[in-house]
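One structure is given below, encoded as structure tokens.
The values are calculated or read from the model by the stated rules, or taken from the named source; none is laboratory data. Not measured: the values here are computed from a predicted model. Here the Cβ positions follow ideal geometry from the backbone for every residue, glycine too, while neighbour counts run over all protein chains shown.
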Amino acid sequence: MTPEERIAQLERERDEAIRSSQEALRASTRLSRLLTVLQEPVHVEVLLDRVMATLSELFLADVAVFLLSTARHGLEAKVLIGLPGAATYSPTDVAGSLAGETLERGTPIVVREADRDPRCGRAIRELGVEHLAWLPVHGEETALGVIALGRCDSAPFKASELDILVTMCRWIGAALERRQHSLALERLAGAGHEVAAQLDHASLLAEAVRLAATLLDADSAAVVTVDGDGMAAVEAYDSLVPGPAPAGAWPAGILGEVLGTPGLRAHVLGGIPWQHLGGGGGSGTTLVMPLSQGGETVGALCAARTSTLLPFTSETMRIGALFAAQMAVSLSNADLYGRLRAEADQLRFLSRIAEQVGESVVVTDPQGMVTFVNPAHARLHGYDADDLLGSSLSIFHTEEQWHGELTPFREAMLRTGTSTGEIGHMRRDGSVFQAEMTGTVLTDETETPIGHVYSLHDVTERNQLAAQLAHQAFHDPLTGLVNRALLSQRLEHALDSIGRTGLRVAVLFLDLDRFKTVNDSLGHGAGDDLLREVAGRLRQVVRPGDTVARLGGDEFVVLLEDMDSTDDAQRAAQRIAAVLRSPFQAAGSEVFATASIGVAMGDRGSEADELLSRADAALYAAKRGGRNRIEVFDDSLEPCRRSDIALEVDLRHAIARQQLRVHYQPIVEIRDGRLRGFEALIRWQHPAHGLLMPAQFLPLAEETGLMLSIGDWILTEACRVAARWQRDLVVDASCFVSVNLSVKQLHRAGFVDTVRTALTQAPLRPDQLMLEITEDAILESREATLRVLGELRRLGVRIAIDDFGAGYSNLTYLTSFPIDVMKIDKAFVDLLERSDGHAVVAALVTLGHTLQVEVVAEGIERPEQLELLRQLGCDFGQGFLLGRGVSEDAVTPLLAAVALAGGVR
Amino acid sequence: MTVQTCLRAAVGTSQADDGTQAGRAAATAAVEGLHGERPALVIVYASVCYELSTVLGAVRDVAGEVPTVGETTCGQMVDGSFVPPGRGVAVLATTAGPYRFGTAAVSTIGADLDAAGVELAQAAQRSLDGPHLPHAAILLLTATFGCDHQEMVRGLHRVTGACVPIVGGAAGDDLRFREVSVFHGDEVISNGAVAVWIEGERPFRVVTRHGWRPTGRPLIVTGSQGARITEIGGRPAMAVYLEQLGADVERLESEPFFTVSMSRPFGLLQPDGSTVIRVIGELDGDSLVTTGPVPEGSAVQVMGGSADDLLAVVPDLARAALEGIESAGALLVFSCGVRQTNFGPQVASEARLVQDAAGDVVTFGCYTYGEFARTRGVLGFHTASVTALAL
């Protein structure tokens, strides 16, 4: 070998070595390139695209295709590099028969002249692919897909290339399986969230089967339960293939056995357990995943594959078992939520009641920390409800209340479970009020105390009203002075006390000399002003322990205790006279009003009535003596008292001599001003003294027993006249006449018969008669009164309680007695324009309406009063403003006019 | 429809200072060169020194409402003459001949160049009415900086499939590296791309050559993201590259890095033994930023070549492009600006060599920032190369 030949040989060997090393480098480069791509953390679809692009580049392939095996759709074209995008190819157009064949064989298939090979798909043939290699891509258990690389030129795939490709396909399979696994876990996590978001049992099952079908690549999924009799039924079902949902039950058989296997997490059954319901035979496979709640198998999540023979891999079973476990937890949550929601609904319902009732409600934990307050409670105490949660109950009380009255209250509640009482409360601003409160220990279903419930309402107003009514019973509403009833009590008490002290009692009876003139000239308002002013001065001039009373009209009595002598009393009377001598301001005018004073001294053994009577006699003597005088009773005054006896004689003849008259005062419906009836009022046309008012003779009539006959006469007369109106004037049938009854009348035997007779004789319908009784009548003989009123009610007569508020005003008898109408005393109406008086009348009207009693306001004298009463919803009114009491003759034209205008309605 | 068997093309150039004048003169020469035949496609190359819309307006005024595409360049080669970067407009007017042309453009390209490629290819294909001819190619001109052009080729390829080659170039700006543009109709588009869908009765052949020779041993890229090479053979990429430069390392003491790296690109080894060139545009720490993607796991070699080496491939390129095409009317050439830089004193030679090899065929080319030549597989973006398509 020449040196030249040797050099040439060496060069050839060098070139061959270079070529070989380049070939080796290319091979290793191919692998490293692919490995790099396979490690990229991208989505499956992107991964496959990059893998195939890389393969296309590394193997100079004009076509690079990846067909993915799916459980439901068979082969799906995922990457089609080199095929024109505008063309529409089905997977078969690409795969031909070779893809399936490759998968079956599990080894590569290489085709030459692919464009002419009928086994190749249309897409491959049309593209003019010369050399084609199909390679299977396997996972650990199943085929994942198939790869095709095609070259349009004449370079065939070399054996070495195919070897590398087979290796690569293994790597691709592993990477794909990892990625699918990650994806499945991601989907599992997502599905878990979606299922967990369902809080309703049925919705959860529906969502779970829908997700399970997708997650497990199944054609359908179901939740199946097996009952104690071994019967299986589908509780929820979803299918990705059309067809009816399975219904009914069937013997669980092998499914029951699977579910009974302890510790089983997922199991593959041959066949579809619910398909024989439709007679379909159930070909396919089912993945059964037991659902456990509380350690007990309550059913199974089943996923069925019918359209593919692709088996459930162990990975799929693992995913399914995880999903079933998640689902079971969610199911437990949903069931719990369902129970809680029901409880919450109930709680909300109760809470709404608590919020909407007027009663104030507060709930605390056992330590007294507030866990709930309703708006009424917060409002009552001046707080926002939200501010109170977590506060101590003690913020509603002063320290004194908390440690005082509340302590026994709470002790009683804890001891007996409940406690009721009137407890002082404190508002946020520190003001206090009384509340009637009931406390109850709140327990759970095991009777374990879980807190305390307090319900309460403010009784301040009620107490005030009661106090006001009580005050009213013993005080003159106009002046606030003690009234006759309390005066009598105190006088009796004072006389009783004489024995212990040895000192005497003086009664000073006084009236204003010019009161009637003031009333007539300046009006009742001025008269009232004068009376109040007099009262004020009397209070100023007496000692703190002395009693100043107003008996009515302009009559005042001063009771002085601990008097040494008549002189003491006289000096006191002089002081009074002096203090009254100064001019008064009444209705803007300066008024002079002197007083006449009668003084009587009481000793041990004196009678209160007698002492008053003597003082009255002394007063009478003072007045007769020329007014503005002070007269002390002595025996010489006795004859004055005797004049009463003469009057009594006259009264006894008054009926027979037809001197008594009945006047009728209109009762009007306040709402529309319509005339609704009349109150019958007695008058005495005295031959010597002129027309006498009831106050001038009725006390005498009561005292002498003449009241019974006078009362009967009024009753008969009023019925007769009312009947005549009904008959002659065609007034509305609802027009009534109201007659006052005395206590004695009411309690006389046969009174009801008297009423019946009066009605019959008139004749008058019973409902057209109303009888007015006073509170005294009720109090005097409660049982008897109740009985008589019951009979009268049965007769059809209506009953009114007269002068309500003037006496004891016990609210209870309004409910227990058959009362139809409540008449509010004039004294209250007089005070309507004052805030306290207004509140009393408002309360009385509300009370009447609450008890379904009609309310009549008496003594309405001013339009302002009428308007206020209208605003308060008072039903009826009477008084000078609406009409004075007039004779029968004067009433007749009035009624006739009303009747002509359409009747009294 | 009468299908001409031969495409008639004519070119014109102007280096007038005024854009309107330059556009009008180049267009007039091109259109008149058709001797009255109506052009079916006009291609405009222009230096970025002009007000581009003025240039385009002037061309359109002369050529009329003809499908018009084009781009900014780093110099042009027209009928054997080299128009250096800095000033110049070149216009090709061509009749349809046996071909059909459809044009489309995409603008405001975002990060997803793949999707932009799909959109562009579909739009270009759709712009051709009537029955399609059996073969097609795409002429792609792009105006994007710092983007992965290969991704756009990938998008086009999804639409075209394996049998439609892609040719073209990325617009240049006279090596200023500031702003590039493409033209479509009356529009000047920066950050966009324009494509001509070309159909014909015969297969199209896109030819690419580079002339670079390996100067170092093959290396495995062990760390890269897109066009950034971080590691080669498990070591910092820059260190390995500098080692491979050999004596040229000393040039770095007196010359900018890019000047040196332009003459020593990477060759990306292909499975068939060929190389695809990637120029290193800049250094970023220890990383090398190339003008095209270098996938991790690839084998690369540092290349080198004289002007003669690079020019030696040109005649073969032209001949290969024209081979088998009877009565070719035009040869479209896209050469890299990097090549032009490496030609040195022989900078005008490439235009002449192309024309010499093309004979009577009208030659029309430009210098670019990257060349598109997809014939096999997906890969279709090259740098420091020259590519051609004969019509």
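So B:Gly344 ticks every box in (1) assigned to a helix (DSSP H, G or I); (2) touching a Ser or Thr at 6+ places or on another chain (Cβ under 7 Å) but one. Which box is left unticked?
(2)
Given the options A:Ala218, A:Ala222, A:Ala247, name the one that is crowded, with 17+ Cβ neighbours inside 10 Å and either part of a loop (DSSP other than H, G, I, E, B) or hydroxyl-bearing (Ser, Thr, Tyr) (or both).
On inspection, the qualifying residue turns out to be A:Ala218.
Only one residue in A:Leu25, A:Leu60 is within 8 Å of another protein chain (Cβ to nearest Cβ) and under 19 Å from B:Arg376 (Cβ atoms), so which one is that?
The match here is A:Leu60.
Scan the range A:111-133 residue by residue and report those that are away from chain B (no Cβ under 12 Å), in contact with a Phe, Trp or Tyr (Cβ under 8 Å, 6 or more places away or on another chain) and buried (at least 17 other Cβ atoms within 10 Å of the Cβ).
A:Val111, A:Gly121, A:His131, A:Ala133
Taking the range A:634-670 on its own, how many of its residues are out of contact with any strand residue (DSSP E or B) (no Cβ under 9 Å at 6 or more places or on another chain) and either in a loop (DSSP other than H, G, I, E, B) or at pLDDT 90 or above (or both)?
Summing the residues that are out of contact with any strand residue (DSSP E or B) (no Cβ under 9 Å at 6 or more places or on another chain) and either in a loop (DSSP other than H, G, I, E, B) or at pLDDT 90 or above (or both) in the range A:634-670 gives 4.
Regarding A:Gly451, is this residue of a type outside the set (Lys, Arg) and modelled with pLDDT under 90?
Yes.
Every residue in the range A:28-38 that is at the interface with another protein chain (Cβ under 9 Å from one of its Cβ atoms) and either farther than 16 Å from B:Gly297 by Cβ or in contact (Cβ under 8 Å) with a residue 60 or more places away in the chain (or both), please.
A:Arg30, A:Leu31, A:Leu34, A:Leu35
Evaluate the range A:698-717: report whether one residue or more is at pLDDT below 90, closer than 19 Å to A:Ile819 by Cβ and outside any strand (DSSP E or B).
no
Would you mention how many residues in the range B:277-304 are farther than 15 Å from B:Leu219 by Cβ and within 14 Å of chain A (Cβ to nearest Cβ)?
Number satisfying all stated conditions: 2.
With respect to the numbered conditions (1) small (Gly, Ala, Ser); (2) under 22 Å from A:His524 (Cα atoms); (3) part of a helix (DSSP H, G or I), which one is the sole condition not fulfilled by A:Ser596?
(3)
List every residue pair whose Cβ atoms sit under 9 Å apart, with the two residues 6 or more apart in sequence or on different chains, where the first one lies in the range A:338-351 and is free of Cβ contacts under 8 Å to residues at least 24 places away in the same chain and the second, anywhere, is surrounded by 12 or more Cβ atoms within 10 Å (Cβ to Cβ) and in a helix (DSSP H, G or I).
Going by the 9 Å Cβ cut-off, there are no qualifying pairs.
Look at B:Glu231 and say whether it is within 14 Å of chain A (Cβ to nearest Cβ) and either on the phi > 0 side of the Ramachandran plot or outside any strand (DSSP E or B) (or both).
no
Give the residues of the range A:142-168 that are under 30 Å from A:Met317 (Cα atoms) and within 14 Å of another protein chain (Cβ to nearest Cβ), sorted by residue number.
A:Met168
Name the single residue, out of those in the range A:73-110 being out of contact with any Asp or Glu (no Cβ under 7 Å at 6 or more places or on another chain) and in a strand (DSSP E or B), that is nearest to the other protein chains (Cβ to nearest Cβ).
A:Ile81
Among B:Val207, B:Val260, B:Val194, B:Val249, which is under 24 Å from the mean Cα position of the chain (by Cα), away from chain A (no Cβ under 14 Å) and surrounded by fewer than 21 Cβ atoms within 10 Å (Cβ to Cβ)?
The conditions single out B:Val260.
This table checks each residue for (1) surrounded by 21 or more Cβ atoms within 10 Å (Cβ to Cβ); (2) among the acidic types (Asp, Glu); (3) assigned to a loop (DSSP other than H, G, I, E, B); (4) without any contact (Cβ under 8 Å) to a residue 40 or more places away in the chain.
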| site | (1), (2), (3), (4) |
| --- | --- |
| B:Thr13 | yes, no, no, no |
| B:Asp17 | no, yes, yes, no |
| B:Gly23 | yes, no, no, no |
| B:Ala26 | yes, no, no, no |
| B:His35 | no, no, yes, yes |
| B:Val42 | yes, no, no, no |
| B:Thr54 | no, no, no, yes |
| B:Val62 | yes, no, no, yes |
| B:Val66 | no, no, yes, yes |
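Inspect the range A:424-433 for any residue being in contact (Cβ under 8 Å) with a residue 40 or more places away in the chain, within 13 Å of A:Gly368 (Cα to Cα) and within 26 Å of the chain's Cα centre (by Cα) and give the result as yes or no.
No - not one qualifying residue is present in the range A:424-433.
Of all residues in the range A:575-607 being among the hydrophobic types (A, V, I, L, M, F, W, C) and touching a Gly at 6+ places or on another chain (Cβ under 8 Å), which is farthest from A:Arg514 (Cα to Cα)?
Checking each candidate, the answer is A:Ala587.
Which one is nearest to the chain's Cα centre (by Cα) among residues in the range A:370-385 that are modelled with pLDDT of 85 or more and of a type in the set (A, V, I, L, M)?
Here the answer is A:Val373.
Quickly run through the range B:68-90 and pick out the residues that are part of a strand (DSSP E or B) and either of a type in the set (Phe, Trp, Tyr) or surrounded by 18 or more Cβ atoms within 10 Å (Cβ to Cβ) (or both).
Residues satisfying the conditions are B:Thr68, B:Val69, B:Gly70, B:Glu71, B:Thr72, B:Gln76, B:Met77, B:Val78, B:Phe82, B:Val83, B:Val89, B:Ala90.
What is the number of the single condition among (1) hydrophobic (A, V, I, L, M, F, W, C); (2) within 22 Å of the chain's Cα centre (by Cα); (3) surrounded by 15 or more Cβ atoms within 10 Å (Cβ to Cβ); (4) not in a strand (DSSP E or B) that A:Phe409 does not meet?
Exception for A:Phe409: condition (2).
Any residue at all in the range A:547-563 that is of a type in the set (Val, Ile, Thr), touching a helix residue (DSSP H, G or I) at 6+ places or on another chain (Cβ under 9 Å), crowded, with 23+ Cβ neighbours inside 10 Å and part of a helix (DSSP H, G or I)?
No - not one qualifying residue is present in the range A:547-563.
In this structure, does B:Arg251 turn out to be among the charged types (D, E, K, R), more than 27 Å from B:Met303 (Cα to Cα) and not in a strand (DSSP E or B)?
Here the answer is no, as B:Arg251 does not meet what is asked.
Could you please find all residues in the range B:345-375 being surrounded by fewer than 23 Cβ atoms within 10 Å (Cβ to Cβ) and within 14 Å of chain A (Cβ to nearest Cβ)?
Selection gives B:Thr375 alone.
For the range B:131-147, name all the residues that are touching a strand residue (DSSP E or B) at 6+ places or on another chain (Cβ under 8 Å) and either among the β-branched types (Val, Ile, Thr) or over 24 Å from B:Leu331 (Cα atoms) (or both).
Listed by number, the residues that qualify are B:Ile138, B:Thr142, B:Thr144.
Given (1) surrounded by 23 or more Cβ atoms within 10 Å (Cβ to Cβ); (2) out of contact with any Asp or Glu (no Cβ under 7 Å at 6 or more places or on another chain); (3) within 14 Å of chain B (Cβ to nearest Cβ), identify the lone condition not met by A:Pro136.
It fails just one condition, (3).
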